[in-house]
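Encoded as structure tokens, the structure appears first; notes follow it.
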Amino acid sequence: MRIVICGAGIVGSAIATHLAAEQNDVTVIDHDVEKVQRIAEHADLSAIVGLASHPDVLERAGLEQAELIIAVTESDEVNMVACQMAHSLFKTPTKIARIRSNAYLRTDLQSKVFSTENMPIDFIISPEQEVASAVSRQLRLPGAFDVKELGGGKLQLVGVLCDSNCPIIDTPLRHLTDLFPDLSITIVAILRENLVTISRDGTDELKTGDRVYFVCDTDHLERAMAAFGHHEHRTSSVVIAGGGNIGQLLAQEIESGYSEIKSKIIEVNKDQARTIAAKLSNTSVICGDVLDADILKEASVGSSETFVAVSNDDEVNILSALLAKRIGAKYAVVLVNMQGFLPLMSTLGVDVVINPPQITVSSVLEHIRRGRIIDVHSIVEGLGEVLEAEALSGSNLVGQPLRKSRIPKGVTVGAVLRGELVIPARGDTIIEAGDHVILFAKQGKSRQAENILSAR
């Protein structure tokens, strides 16, 4: 696929690198010469200098032959104009734009403005909203480092850490069905020292320190967590460090959907703190520096269950989270943009890492995957993807037991959703046309996963 990406910032670079690694023909546009040079040196793609909304720059990028434009510059207006140019001048089939300002994201505006007749954008992605939703999911399940709802809420993808209290350490995975015969759960991946293991024959055993991804029936979630030694209760108190767009969106989600949670925001800018306080009705706002231990104590961080650091500065987020943990916060959720920081987080004692570029890549992939792909979720550090897809009648997966299906190495089936029925993936499971199938694919194996789901 030929793709033009407008913007070579953190988000644009992450998307471009991911898509280029999948053998797509990618061209990146940015007005910053250093960013263009950097992305051209680190990924197998083309990169040009210029303003992404200018027709001559889009023409130089080869947009006339492209199937897709992804506009993720820092400017909402440039992103919108780039999509307009792509539609009006180059007839680009699919147009995706990042929109950050809440002024443009009002529901009543989107239906009127973003349409073929007006502003022709096919899909809008909002990293801030996606990140706020990701943090919100963590509040429901504090014992997990990653949570994703699938199958319209019928299934859960969960990432958990196996600590010394995990009761199934050193147990071959094939014995889990015997230990928990009526538990709808399938382990799809084991992460150990940044290597991903998919257990084919069930002989693999879990070890202390492993990070495990499993898929389970939502109704079985509490028991599934207990099987891994996690009995944490839902969060009842949250301190949010950073009152920017993400902090505000998160506080609004808590106020609207979590009446049992008491929340506070710490914001260093006085004017911004006043603005936030005027917008929120049930959230306390404290003006101060999150790296000041006295401010954290004033916010009662020591007695709070969850500390969420979502400022615009990775270093501030990491350091404030470590300080909060030292003061007494039970869990620390940290927003980190820089990929180089991600492998360090677990060793520092951070419980959950939220990576906006990874979340945005998942949002983009959801719209460009082939076949009947319904949802895409990139796991930690981009080591793999979880796909939810509809099985087509001509697929190699349909009509025979999974043990006889030619599933490529690096790909595994986690669960099947047939109407309202959740079916855990076992060797004798038979997939029918129209089923929603949850698959895990290692990094670089997503195409193979797509192929086995598509018609022959």
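Using a 4.7 Å Cβ cut-off, which Cys residues in the chain lack a partner cysteine?
Isolated Cys, the chain: Cys6, Cys83, Cys216, Cys287.
Give me the net charge of Gly151's neighbourhood, meaning all other residues with Cβ under 9 Å from the Cβ of Gly151; Lys, Arg count +1, Asp, Glu -1.
Summing Lys and Arg as +1 and Asp and Glu as -1 gives -2.
For the chain, report the accessible area per residue in Å² (1.4 Å probe, heavy atoms, rounded to an integer).
Computed with neighbouring chains in place, this is 44 Å² per residue.
Defining a contact as two alpha carbons under 8 Å apart and six or more residues distant in sequence, what relative contact order in percent does region 84-234 show?
Averaging sequence separation for qualifying contacts and normalising by length gives 22 percent for region 84-234.
Averaged across orientations, what area in nm² does the convex hull of the alpha carbons in region 163-209 project?
3.4
Leaving out same-chain residues fewer than 8 places away, which lysines sit with a Cα under 25 Å from that of Lys95?
Counting by Cα, and skipping residues close in sequence, Lys95 has these lysines nearby: Lys35, Lys112.
Using C-alpha positions alone, give me the convex hull volume of region 184-226 per residue in cubic angstrom. Could you put the intermediate results ahead of the total?
Details: hull volume 3.4 nm³, N = 43.
For region 184-226, the hull spanned by Cα atoms encloses 80 Å³ per residue.
Report, to the nearest whole %, how much of the accessible area of region 345-385 belongs to carbon and sulfur atoms, 1.4 Å probe, protein only.
Using a 1.4 Å probe with all protein chains present, region 345-385 comes out at 48 percent carbon and sulfur.
Select from region 366-426 those GluC sites (Glu not before Pro) which occupy a DSSP coil region and have at most 16 other Cβ atoms within 10 Å, ordered by residue number.
Passing both the DSSP loop test and the Cβ count: Glu420.
Using the Kirkwood radius over Cα pairs, work out the Stokes-Einstein diffusion coefficient for the chain at 20 °C and 1.002 mPa s, in µm²/s as a whole number.
92
Under 16 Å Cα to Cα from Lys409, which lysines show up? Leave out anything in the same chain fewer than 8 places away.
Reachable lysines: Lys442, Lys445.
Output the antiparallel fraction of DSSP beta bridges having both residues in the chain, as a percent to the nearest 5.
50
Setting aside same-chain residues fewer than 8 positions from Lys207, which aspartates and glutamates have a Cα under 16 Å from its Cα?
Asp163, Asp170, Glu193
Select from Phe180, Ile168, Gly229 the residue farthest towards the positive end of the dipole of region 129-246; place +1 on Cβ of Lys and Arg, -1 on Cβ of Asp and Glu, and compute about the Cα centre.
Ranked along the dipole, the leading option is Gly229.
Peptides 194-202, 242-250: what's the order by average Cβ count within 10 Å, highest mean first?
Result, highest mean first: 242-250, 194-202.
Just for the Cα atoms in region 305-390, what are the lengths along the principal axes, largest first, rounded to whole Å?
Projected onto its principal axes, the Cα set of region 305-390 covers 50, 23, 20 Å.
Determine, at each q value in 0.16, 0.20 (inverse angstroms), the log₁₀ of I(q)/I(0) that the Debye formula gives when each Cα of region 344-456 is one equal point scatterer.
The computed values of log10 I(q)/I(0) come out as -0.72, -1.02.
So how strong a dipole does the chain carry about its Cα centre when Lys and Arg Cβ are +1 and Asp and Glu Cβ are -1, to the nearest 20 debye?
Dipole size: approximately 740 debye.
Put +1 on the Cβ of each Lys and Arg and -1 on the Cβ of each Asp and Glu in the chain; which of Ile198, Phe440, Pro401 then has its Cα farthest toward the positive end of the dipole?
Ranked along the dipole, the leading option is Pro401.
In percent, what relative contact order does region 396-456 have, based on Cα pairs under 8 Å that are 6 or more apart in sequence?
For region 396-456, the relative contact order is 42 percent.
What is the percent carbon and sulfur in the accessible area of region 390-434, measuring with a 1.4 Å probe over the protein chains and ignoring ligands?
Roughly 49 percent, rounded to a whole number.
Under the Karplus relation 6.51 cos²θ - 1.76 cosθ + 1.60, θ = phi - 60°, what is the ordered set of whole-Hz ³J(HN,Hα) values for region 248-254, x standing for Gly and Pro?
Those phi angles translate into 5, 4, 5, 4, 5, 5, 5 Hz.
Determine one quarter of the surface area of the Cα convex hull of region 45-99, which equals its mean projected area, and express it in nm² to one decimal. Intermediate values should be presented prior to the final figure.
Details: hull surface 13.7 nm².
Averaged projected area of region 45-99's Cα convex hull equals 3.4 nm².
Using a 1.4 Å probe on the protein heavy atoms, what percent of the accessible area of region 49-105 belongs to carbon and sulfur?
That fraction is 53 percent.
What value, in deg cm²/dmol to 500, does the helix sum -39500 (n - 2.57) over DSSP H runs of n ≥ 4 give at 222 nm once divided by the residues of the chain?
Estimated from H runs of four or more residues: -9000 deg cm²/dmol.
Quickly work out the Arg106-to-Leu183 label distance, labels modelled 7 Å from Cα along the C-beta direction, and quote it in nm with one decimal.
4.9
List the relative contact order of region 326-377 as a percent without decimals, with contacts defined as Cα pairs under 8 Å and 6+ residues apart.
On the way: 38 pairs, mean separation 16.2, N = 52.
The value is 31 percent.
The values are calculated or read from the model by the stated rules, or taken from the named source; none is laboratory data. Computed from a prediction, not measured in an experiment: that's the story for all the values here. So basically every Cβ, Gly included, is an ideal-geometry build from the backbone, and we count neighbours across all protein chains shown. Surface areas here come from the heavy atoms of the whole protein model, side chains and all, with no ligands, DNA or RNA. Shrake-Rupley method; radii C 1.70, N 1.55, O 1.52, S 1.80 Å.
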